[in-house]
1. Among the residues of segment 439-450, are any of a type in the set (Ser, Thr, Tyr), under 18 Å from the mean Cα position of the chain (by Cα), under 21 Å from ARG219 (Cβ atoms) and in a loop (DSSP other than H, G, I, E, B)?
2. Considering each residue of segment 385-436, count those that are within 17 Å of the chain's Cα centre (by Cα), surrounded by fewer than 24 Cβ atoms within 10 Å (Cβ to Cβ) and polar (S, T, N, Q), and give that number.
3. In the list ALA466, ALA446, which residue meets the criterion of being of a type outside the set (D, E, K, R) and farther than 25 Å from VAL352 by Cα?
4. Among HIS483, HIS477, which is the only one that is surrounded by 24 or more Cβ atoms within 10 Å (Cβ to Cβ) and either of a type in the set (Ser, Thr, Tyr) or on the phi < 0 side of the Ramachandran plot (or both)?
5. Could you go through segment 212-232 and let me know if any residue there is more than 27 Å from GLY24 (Cα to Cα), open to solvent by less than 40 Å² (accessible area, probe 1.4 Å), out of contact with any helix residue (DSSP H, G or I) (no Cβ under 7 Å at 6 or more places or on another chain) and among the hydrophobic types (A, V, I, L, M, F, W, C).
6. Working only within segment 173-195, note down all residues that are in contact with a helix residue (DSSP H, G or I) (Cβ under 7 Å, 6 or more places away or on another chain), under 29 Å from GLY44 (Cα atoms) and part of a loop (DSSP other than H, G, I, E, B).
7. Exactly one of (1) farther than 27 Å from ALA143 by Cα; (2) buried (at least 24 other Cβ atoms within 10 Å of the Cβ); (3) without any contact (Cβ under 8 Å) to a residue 60 or more places away in the chain; (4) of a type in the set (A, V, I, L, M) is unmet by LEU182. Its number?
8. Answer yes if at least one residue in segment 439-446 is closer than 21 Å to MET1 by Cα and at pLDDT below 95, and no otherwise.
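The values are calculated or read from the model by the stated rules, or taken from the named source; none is laboratory data. Please read all numbers here as calculations on a predicted model, not as lab measurements. We place every Cβ from the backbone using ideal geometry, glycine too, and count neighbours over all the protein chains shown. Each accessible area value is taken on the protein alone, full model and side chains, heavy atoms only, with ligands, DNA and RNA left out. Shrake-Rupley method; radii C 1.70, N 1.55, O 1.52, S 1.80 Å.
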Amino acid sequence: MRHAHSVQAVRAAESELMARLPEGALMQRAAAGLAAACAALLQGRGPVPAVRPGRGPGVYGARVVLLVGAGGNGGDALYAGARLARRGAGVTALLLAPAKAHPGGLTALAAAGGEIIETAEETATDPAYAAHWHHVERMLTRADLVVDGITGLGGRGGLRTGAARLAHAAEADKVPVVAVDLPSGVDADTGEVHGPAVTADLTVTFGTHKPGLFVDPAREHAGTVRLIDIGLDLPGPAAAEALQHVDVAALLPRPAPESDKYRRGVVGICAGSARYPGAAVLCVHGALRTGAGAVRYAGPGDRTVVARYPETLVSSGLPSEAGRVQAWVVGPGLGEDEDAGQRVADVLAQDVPVLVDADGLRFLDRERVRARSAPTLLTPHAGEAARLLGVEREHVEAARLASVRRLAREFGATVLLKGSTTLVAAPDESMPVRVNATGTPWLATAGSGDVLSGVVGSLLAAGLSARDAASAGAYLHGLAARHAADGAPVDAQDVAGALPAAWRDVKRA
C-alpha cells in the first residue's frame, strides 16, 4: 500500500524529527536523496533520456540549472546542487526570491563551485531586465537537467509570472525536469492546479507521498514519482492511499472446497434497455469473469443476455421477483423512462448491497439512499457527479478529491468517481480516499464502465465491503485493460476477456 499524508501531518512529523536531530540533518537527508535521483537521471537511469545528443551520459560536465524559491524547498535544491557540483556538474542556481533563499544552501553551492544568479520574481515584467530574463531562459534551454525548487509543500495557487516563464522555457525545449517534493504550482493536499505549474519528468518526494501526487490534475504534472525515506514517523490514517498487487490479492475471494454458487456470491444485474441492450451484456460479462457464483439478470434484455451467456439466470420482471442475490447492480444502459425509475426504486428497496451506475444515478433520491440499512455504492463519471452535486463538470474535474468526498458525505454512500484517476471514498471521512493506480488511456472506450459495474458487483456479492469491492474492482479492471491493450486500442469486450489474466497477475504477488 502506498500512503499519502496531508501537509499538516508532514509538517508535524518533520518538526518532531528535527527536534531530535542535529540542525540541518533532515535537509541533508532530503538533499542526498534528491542528488542521487538527479545523478541517476543524468546517467541514463531515469524515466526520460536525460542527455543531449552528442554528449555521453554522466554527471561530470552536465549542465544543471536550479530554480530556487524561498525556504526549505529551495534549500533542498541548493544542497543537492552542491553535491552534483562536487561530482563535476556545472550547476547554476536562479534565485527567484534572493532575500529569502536558504543561506546554508547558498553557502554550500558557492563552496562547491556552483554559480548563483539573482533572478528576482519582481523583475520579470520590468523592461529594464528584459535582457537578463532572455539570458536565463536561454540558459534553461541549453541545460541537461532542471531542478524545480520553487515552492514545494507551501505553494498555493499557480506560479507567479517569473517562475512560470522559467518553467515554460524548460518545458518548451523538452529539458528534463526534476521536481523537489512536488511540482511547484500544484496543491499538495487536493491535487488541484490553479494557474501555471511546473510539469516534471520526475518528482522526488520525501517521507511520504502527498495526495496531490496521486490525483489529477496535479498527478499529470508529477511524471514518475520516487519516494525518499527520510525517517518521518507518520502515525494515524493517511489522507489517501493506493492499493498494490499484494493488497488486492488479499482482498480477492477464493472459493473453499465446500463452496456452492450462493457461498461464492450471486449478483443481480438490472441493466440494459431496447436502446442500449449491449450494456446488459457487458455488465454480465464483467460479473461472470470476476468469479460470481451466479448472475441473475432482470430486465428487458433477458433474451439478448441468455443468448450470449446461457449460464445467466434471466427474467424480464422486476428485480425483486428475480430470486435470491447477495448484491445488485442497477443502471447501466437502463434508459430514462418511467420503467427505469421503477426498477431503480425496486432495487434500492432491497436489503442487500447495491451498486448504482450510469442511468440509475438519474433516479437517486438523496434521503432514500441515506436511509438504506445495506451499503450503497455510487459509480459516477465526472459529468454524472457534477449533476448529483449541482455543479459544472469542470468543477469536478478540477477538484476531484473534494468532489468525491462531498458525494460520499451527502449521500451517505461509498462513491467510486471514474476518470483518469479513479477515486473511492467512504462515507466515513476518517478513512483515506483510495486512488486506483492501474489503467490506460485506451480504457476510455464505450462500455468499459458497464464491465466495471459487473466486476465490482461480483465482488460485492462475494462479501467484500463497498469500499474494498470498489477499490479491488477498479484495480482489476484497469489491469485487465493494460493486459488487453498492450499498446493498442481495445474495446470493452477485450477488457472483460482479460479479467482472468489480471486476476492471475494479482494472485502471483
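1. Residues of segment 439-450 that are of a type in the set (Ser, Thr, Tyr), as a first pass: 440, 445, 448.
If we keep only those that are under 18 Å from the mean Cα position of the chain (by Cα) as well, we get 440.
Imposing the further condition that a residue be under 21 Å from ARG219 (Cβ atoms) reduces the set to 440.
Pick out the ones that are also in a loop (DSSP other than H, G, I, E, B) and you get 440.
For segment 439-450, residues of a type in the set (Ser, Thr, Tyr), under 18 Å from the mean Cα position of the chain (by Cα), under 21 Å from ARG219 (Cβ atoms) and in a loop (DSSP other than H, G, I, E, B): present.
2. Final tally of qualifying residues: 2.
3. Working: ALA466 fails: farther than 25 Å from VAL352 by Cα.
Matching residue, one of ALA466, ALA446: ALA446.
4. Values: HIS483 fails: surrounded by 24 or more Cβ atoms within 10 Å (Cβ to Cβ).
Sole residue among the options that is surrounded by 24 or more Cβ atoms within 10 Å (Cβ to Cβ) and either of a type in the set (Ser, Thr, Tyr) or on the phi < 0 side of the Ramachandran plot (or both): HIS477.
5. For segment 212-232, residues more than 27 Å from GLY24 (Cα to Cα), open to solvent by less than 40 Å² (accessible area, probe 1.4 Å), out of contact with any helix residue (DSSP H, G or I) (no Cβ under 7 Å at 6 or more places or on another chain) and among the hydrophobic types (A, V, I, L, M, F, W, C): present.
6. Residues satisfying the conditions are ASP173, VAL175, PRO176, ASP181, LEU182, PRO183, SER184, ALA188.
7. (1)
8. If we filter segment 439-446 for residues that are closer than 21 Å to MET1 by Cα, which is where we start, we get 439-440.
Remaining after also requiring at pLDDT below 95: 439-440.
Within segment 439-446, one or more residues are closer than 21 Å to MET1 by Cα and at pLDDT below 95.
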